[in-house]
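Q: This is the structure, below, for whatever I ask next.
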Amino acid sequence: MRRRSITGPLILILIGVLFLTRNLWQEAPLFQLISLYWPFILIAWGVLRLIEVLVEASRSKPLPSGGLSGGEVALIVLLCIVGSGMYAADRHGVRLAPFGTTSLEVFGEQYDYRSTVQKPATGAVHVVFENLRGNVRITGSDEKEVKVDEHKMVRAFNKKDADQADQQTPMEIVNEGDRIVVRTNLERASHARRISCDIDVTVPHEATIEGRGSNGDYDVTDVKGSVDITSGNAGVRLTNIGGNAKVDLQRSDIVRAVDVKGDVSIEGKGSDIELENVAGQVTVNGSYSGTLQFKNLAKPLHLESRNTDLRVAQVPGTITMDLGDLNGSNLIGPIRLVTRSKDIHLDGFTQSLEIETERGDIELKPGSAPLGKIDAKSRSGNIDLELPESAKFDLKATTSRGEARNDFGSAIQSETSGAGASLKGKVGDGPVITLRTDRGTVSLKKS
Amino acid sequence: MTTSNELIRAVRGPIILITIGTLFALDHFTRWGFQQTWPVILIVIGLLTLAGRATRTTSGPTPGGAI
């Protein structure tokens, strides 16, 4: 009987050593190491088998005919696939759970720690929150103190590790100049990735809030000062804020602000935005993939993203916008909208309107108040304008390729030229309305 | 008694394995990507097969077994 190869047990030892290293030295970048150096496992394996064959040959023993067994070939193919996958994943910045730092998420246990810290504070105090990971809830109250209830969650393999991590990260409230700083100090822990901390805070009503973090939601309620939140990844919900609100996020699932007396400014990337009852100016600058909703804004709204630039003087009604549509009703102009690809429906707007879209239909229905100047352009899409019977205007509507429809009768001249058509005419003495599409139907309707 | 033909057939697997490992290592650490260097595997297999044939005519016990 032929002596069996020693590579089987060696592979077993290698796997054992890898898992042991990961368990004892948790910060080891094993994923990266394996993804980079796995080809040397193949080389070492081949060399071992080569040596085995040569040794057996020199002892004149019968040689295996293929050099590798079927099982080995299967294992090698698997190693190549997994290794290439890990290499590609690592290069593209993906960290897979079973190998990286999150192994604790699978094998560890969660330990909870709670504590409460308070500090007297009165009047318009400036409170700064520094919490690396975890949710922060801030509520204004009549108490003359800053009170923080902390709920720290530590993931660890045993209680001793967890206790140590808890002691390394004491929460503190300190005075720094005219500010009060609340720190959870999570970055002090040696395995920072395994701790997160939810804090529940009450502050005096007049407080000004400043929040810093890299991951975790912020909820702020009933605060008369301004709110400034900067985070890597957060959902932000602001309710009843007396001052300005400024939110700067690299990623977020939602930013919601309701009842804000000051200006609201939102920057960065995210998904949904919901703003309601804002007394100040609203500025949104960044890229948002979800639904944006604006309701009852008393001052100008300016929204600027990669594909869209929208300015509205006042939003007594609502604007709802997502990647493909923009719907607005009851708006006060001047309104200016430049966008790449959206279907636009505007309903009940006053003052002047200027719309430009590359691709998408435009449907306009001005409000009952005297008509403003309208200028709507689409590269490709239909333009519908619905006017009350009593409206006075000076229309010029053209399509380079498509039909023109007219409900206003003989006052408007209809003309076709080649593949295109146009409407032209004056009804009474009113503002200039220009509609223009390169491809699509232009219609003038009577409501 | 092992013949040189048996020896060549026995080392074929390990040598292909080393080749593949080397190509992936080159892919990771040099500018020679695997998508460029993979034909080397075919060449190595071809060379090994040729060497096997060349030695088989002298004392090859199994006829026709190329790969």
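The values are calculated or read from the model by the stated rules, or taken from the named source; none is laboratory data. Since this is a predicted model, take the numbers as computed values, not measurements. Please note: Cβ atoms are built from the backbone with ideal geometry, for glycine as well, and neighbour counts cover all protein chains shown. Only protein heavy atoms, including side chains, enter the accessible area calculation; ligands, DNA and RNA are left aside. Shrake-Rupley method; radii C 1.70, N 1.55, O 1.52, S 1.80 Å.
Q: In the stretch A:312-331, how many are more than 20 Å from the chain's Cα centre (by Cα), within 15 Å of A:L275 (Cβ to Cβ) and open to solvent by 40 Å² or more (accessible area, probe 1.4 Å)?
A: Looking only at that region, the number is 3.
Q: Name the residues in the stretch A:350-365 that are more than 13 Å from A:I332 (Cα to Cα) and of a type in the set (A, V, I, L, M, F, W, C), would you?
A: Within the stretch A:350-365, A:I355, A:I362, A:L364 meet the criteria.
Q: Regarding A:L42, is this residue at the interface with chain B (Cβ under 8 Å from one of its Cβ atoms) and under 43 Å from the mean Cα position of the chain (by Cα)? Please lay out each step first, then the result.
A: Values: at the interface with chain B (Cβ under 8 Å from one of its Cβ atoms): yes; under 43 Å from the mean Cα position of the chain (by Cα): yes.
Yes; evaluated as a whole, the condition is true for this residue.
Q: What is the one condition in (1) open to solvent by 60 Å² or more (accessible area, probe 1.4 Å); (2) more than 10 Å from chain B (Cβ to nearest Cβ); (3) modelled with pLDDT under 70 that A:G100 does not satisfy?
A: Of (1) open to solvent by 60 Å² or more (accessible area, probe 1.4 Å); (2) more than 10 Å from chain B (Cβ to nearest Cβ); (3) modelled with pLDDT under 70, only one is false for A:G100: (1).
Q: Given the conditions (1) modelled with pLDDT under 85; (2) part of a helix (DSSP H, G or I); (3) open to solvent by 70 Å² or more (accessible area, probe 1.4 Å); (4) away from every other protein chain (no Cβ under 12 Å), and given that A:I11 satisfies all but one, which numbered condition is not satisfied?
A: So A:I11 meets the others, but not (3).
Q: Go through the stretch B:16-38 and give me each residue that's at pLDDT below 90 and open to solvent by 40 Å² or more (accessible area, probe 1.4 Å).
A: B:L26, B:F29, B:T30, B:R31, B:W32, B:F34, B:Q35, B:Q36, B:W38
Q: Sticking with this structure for a sec: Give the residues of the stretch A:34-55 that are more than 17 Å from B:T22 (Cα to Cα) and either of a type in the set (F, W, Y) or without any contact (Cβ under 8 Å) to a residue 24 or more places away in the chain (or both), sorted by residue number.
A: Step one: list which residues in the stretch A:34-55 are more than 17 Å from B:T22 (Cα to Cα), which gives A:51-55.
Within the stretch A:34-55, A:I51, A:V53, A:L54, A:V55 meet the criteria.
Q: Mind counting the residues in the stretch B:45-54 that are within 13 Å of chain A (Cβ to nearest Cβ) and open to solvent by 30 Å² or more (accessible area, probe 1.4 Å)?
A: 1
Q: So A:E276 passes all but one of these: (1) surrounded by fewer than 18 Cβ atoms within 10 Å (Cβ to Cβ); (2) not in a strand (DSSP E or B). Which condition number does it fail?
A: Only one criterion is unmet by A:E276, namely (2).
Q: So, one more: Restricting attention to strands (runs of 3 or more DSSP E) lying wholly within the stretch A:182-271, give those where 2 or more residues are touching a residue at least 40 places away in the same chain (Cβ under 8 Å).
A: Working: elements: A:195-204, A:208-213, A:218-223, A:227-233, A:236-241, A:245-251, A:254-260, A:264-270.
Fully inside the stretch A:182-271 and qualifying: A:195-204, A:208-213, A:218-223.
Q: Within the stretch A:80-90, is there a residue that is closer than 22 Å to B:H28 by Cα and at pLDDT below 75? Can you show your working first?
A: Pass one, the stretch A:80-90, residues closer than 22 Å to B:H28 by Cα: A:80-90.
Retained after the next criterion (residues that are at pLDDT below 75): A:90.
Yes, the stretch A:80-90 has at least one match.
Q: Also, quick follow-up: Please work out if A:G71 is more than 9 Å from chain B (Cβ to nearest Cβ) and either within 47 Å of the chain's Cα centre (by Cα) or crowded, with 16+ Cβ neighbours inside 10 Å (or both). Can you show your working first?
A: On the way: more than 9 Å from chain B (Cβ to nearest Cβ): yes; either within 47 Å of the chain's Cα centre (by Cα) or crowded, with 16+ Cβ neighbours inside 10 Å (or both): yes.
For A:G71, the condition - more than 9 Å from chain B (Cβ to nearest Cβ) and either within 47 Å of the chain's Cα centre (by Cα) or crowded, with 16+ Cβ neighbours inside 10 Å (or both) - is met.
Q: Another question about this same structure. Quick one: in the stretch B:10-30, which of the residues that are under 9 Å from the mean Cα position of the chain (by Cα) and not hydroxyl-bearing (S, T, Y) is nearest to A:M86 (Cα to Cα)? It would help to see each step written out before you state the result.
A: Restricting attention to the stretch B:10-30, the residues satisfying the condition of being under 9 Å from the mean Cα position of the chain (by Cα) are B:11-17, B:19.
Those still in the list that are not hydroxyl-bearing (S, T, Y) too: B:11-17.
Values: B:V11: 29, B:R12: 28, B:G13: 25, B:P14: 24, B:I15: 25, B:I16: 22, B:L17: 20 Å.
Taking the candidates together, the pick is B:L17.
Q: Answer yes or no: is there a residue in the stretch A:112-130 that is at pLDDT 85 or above and in contact with a Phe, Trp or Tyr (Cβ under 9 Å, 6 or more places away or on another chain). Steps first, please.
A: First, the residues of the stretch A:112-130 that are at pLDDT 85 or above: A:112-120, A:125-130.
This time we only want the ones that are in contact with a Phe, Trp or Tyr (Cβ under 9 Å, 6 or more places away or on another chain), so: A:129.
Looking for residues that are at pLDDT 85 or above and in contact with a Phe, Trp or Tyr (Cβ under 9 Å, 6 or more places away or on another chain), one finds at least one in the stretch A:112-130, hence yes.
Q: Here's another thing I want to ask about it. In the stretch A:133-172, which residues are among the hydrophobic types (A, V, I, L, M, F, W, C) and either modelled with pLDDT of 85 or more or open to solvent by less than 50 Å² (accessible area, probe 1.4 Å) (or both)?
A: If we filter the stretch A:133-172 for residues that are among the hydrophobic types (A, V, I, L, M, F, W, C), which is where we start, we get A:136, A:138, A:146, A:148, A:153-154, A:156-157, A:162, A:165, A:171.
Result: A:V136, A:I138, A:V146, A:V148, A:M153, A:V154, A:A156, A:A162, A:A165, A:M171.
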